[in-house]
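Taking it in order: structure first as structure tokens, then the write-up.
The values are calculated or read from the model by the stated rules, or taken from the named source; none is laboratory data. Just so it is clear, the structure is predicted and the values come from calculations on it, not from any experiment. Virtual Cβ from ideal backbone geometry, glycine too; neighbours counted across all protein chains shown. With ligands, DNA and RNA removed, areas are computed over all heavy atoms of the protein, side chains included. Shrake-Rupley method; radii C 1.70, N 1.55, O 1.52, S 1.80 Å.
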Amino acid sequence: MKLRLPLALLALCLALGAAWPVLAKIHRAALGLATSGSTCDTARKGSYTYTARWRAGAASTGYTVHTGNQCWVGAQVCGTALSTGCPARCDAAGNCSALLNACVATAAAAGQWVKVVGADGGWQQIAVPAPGKCQ
């Protein structure tokens, strides 16, 4: 009976030690994510366009963009689920950007955000309020 407690503690430590690398893989990163060029898209009343920019930590890291505003990159919507993110482009110097189009301006304030997730598990999310009403 005295041997069971140390063995149980050892098993717990090993289990936590094995799980730690998995938990540590997803980390918040200071990518410098910012938006620029918010404009009202008059062709699609109630939507707008902006560019998200950030800096990659490593040239080989791939990124996906997710938005609460259901923006589009090309022909793909950048949804909130990890499976519906849009791929982003980074140049050899590590400068990354995504031109986000047809973003829904009527989304609730809590849904107005952009999140960039790296293949290395790093991510950053910022609030991106929609511009004023389309004229």
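Worth pointing out:
- Length released on extending from Thr35 to Ala81, taking residue separation times 0.36 nm less the Cα-Cα span: 14.5 nm
- For the stretch 90-98, putting each phi into the Karplus relation 6.51 cos²θ - 1.76 cosθ + 1.60 with θ = phi - 60° gives couplings of 10, 8, 4, 7, x, 8, 10, 7, 9 Hz, in residue order, rounded to whole numbers and with x for Gly and Pro.
- Among Val73, Val65, the sequence by solvent-accessible area, most first, with a 1.4 Å probe is Val73, Val65.
- Highest average first, the peptides 117-129, 29-41 ordered by how many other beta carbon atoms sit within 10 Å of their residues are 117-129, 29-41.
- Label point distance in nm, Thr51-Arg89, each placed 7 Å from Cα along Cα→Cβ: 1.1 nm
- Solvent-accessible surface ranking, highest first, for Lys45, Lys115 at 1.4 angstrom: Lys45, Lys115
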